[in-house]
1. Restricting attention to segment 27-53, which residues are free of Cβ contacts under 8 Å to residues at least 60 places away in the same chain and either outside any loop (DSSP other than H, G, I, E, B) or on the phi > 0 side of the Ramachandran plot (or both)?
2. For segment 66-78, indicate whether the set of residues that are more than 28 Å from Ser15 (Cβ to Cβ), part of a strand (DSSP E or B) and either at pLDDT 95 or above or charged (D, E, K, R) (or both) is non-empty.
3. Filter segment 64-81 for residues that are under 18 Å from Leu21 (Cβ atoms) and surrounded by fewer than 17 Cβ atoms within 10 Å (Cβ to Cβ) and give the result.
4. For segment 143-170, what are the residues that are at pLDDT 75 or above and charged (D, E, K, R)?
5. Tell me which residues, restricted to segment 6-23, are among the hydrophobic types (A, V, I, L, M, F, W, C) and either modelled with pLDDT under 95 or surrounded by fewer than 19 Cβ atoms within 10 Å (Cβ to Cβ) (or both).
6. Evaluate the following for Ser109: is it in contact with a His (Cβ under 7 Å, 6 or more places away or on another chain) and either surrounded by 17 or more Cβ atoms within 10 Å (Cβ to Cβ) or not basic (Lys, Arg) (or both)?
7. Can you tell me which residue is surrounded by the most Cβ atoms within 10 Å (Cβ to Cβ) among those in segment 24-61 that are within 18 Å of Leu190 (Cα to Cα) and among the basic types (Lys, Arg)?
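The values are calculated or read from the model by the stated rules, or taken from the named source; none is laboratory data. Since the model is a prediction, treat every value here as computed from it, not as a measurement. Neighbour counts run over all protein chains shown; Cβ positions are idealised from the backbone, glycine included.
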Amino acid sequence: MTTWLTRIQPNLSNSRSRADLHDFVGLHRTVMSLFPEELGDMPRRQAGALFRVDSGPAGDQLLVQSSLRPEPARLPPDYGTLRTTELTALLDALEDTMIVHYRLVANTSKRLAKDTDRHRRGQLVSLKGDEILDWWHRRSAEHGLALASAEATAVTAPRSRDRTAIRHARTRFQGVARVVDAELLRNAVLSGIGRARAYGCGLLSVVPARSRS
């Protein structure tokens, strides 16, 4: 299976680009517009699509990972510049004991247990304090990584009028790790980690430490 990574530099003079950076429901629609419409009842899963907004010296950048190659002509006019590369070779090269740099934006939340007050039972609530890094240490181990370092940074939650949008904390994790199970790690990269994958969470990026630019 071929895996693609598309980097989109939004044109901030474009009103839709600006709006999408603050509304992940709208951004989800824009991401899915890059793929054919006839993908059935679960189009995001059929396209293998995960996305994340990264911030850097050049401003915000949209990363879209997918198993279908995006069609640049389907991007709204003047939305931004787009560049697609193949990730398959990088994923195939992952092996046990390899040292990698990683980055993930995750929806760090938990569902309240059955013994909680009945008015809040089953609700999703944001993790706080040490719970956040504890969550990542558990999840990374489940997905084939042994963390050597981990930095957790809160990400401002996007606004949305849609009640189904994320209403809980988003956290960016980045650092260095050792691969302990390459197959588990590949599956995590391809499938995503945690909740709210349709809303810009769950995309795990890894690159061998020796290859980082």
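1. Step one: of segment 27-53, the residues free of Cβ contacts under 8 Å to residues at least 60 places away in the same chain are 29-43, 45-47, 49.
The answer is Arg29, Thr30, Val31, Met32, Gly40, Pro43, Arg45, Gln46, Ala47.
2. Step one: filter segment 66-78 for residues more than 28 Å from Ser15 (Cβ to Cβ), giving 67.
Among the residues that remain, those that are also part of a strand (DSSP E or B) are: none.
For segment 66-78, residues more than 28 Å from Ser15 (Cβ to Cβ), part of a strand (DSSP E or B) and either at pLDDT 95 or above or charged (D, E, K, R) (or both): absent.
3. Pass one, segment 64-81, residues under 18 Å from Leu21 (Cβ atoms): 64, 75-81.
Residues satisfying the conditions are Pro76, Pro77, Asp78, Thr81.
4. The answer is Glu151, Arg170.
5. Residues of segment 6-23 that are among the hydrophobic types (A, V, I, L, M, F, W, C), as a first pass: 8, 12, 19, 21.
Passing the criteria: Leu12, Ala19, Leu21.
6. Working: in contact with a His (Cβ under 7 Å, 6 or more places away or on another chain): yes; either surrounded by 17 or more Cβ atoms within 10 Å (Cβ to Cβ) or not basic (Lys, Arg) (or both): yes.
Yes; evaluated as a whole, the condition is true for this residue.
7. Across segment 24-61, the extreme among qualifying residues is Arg52.
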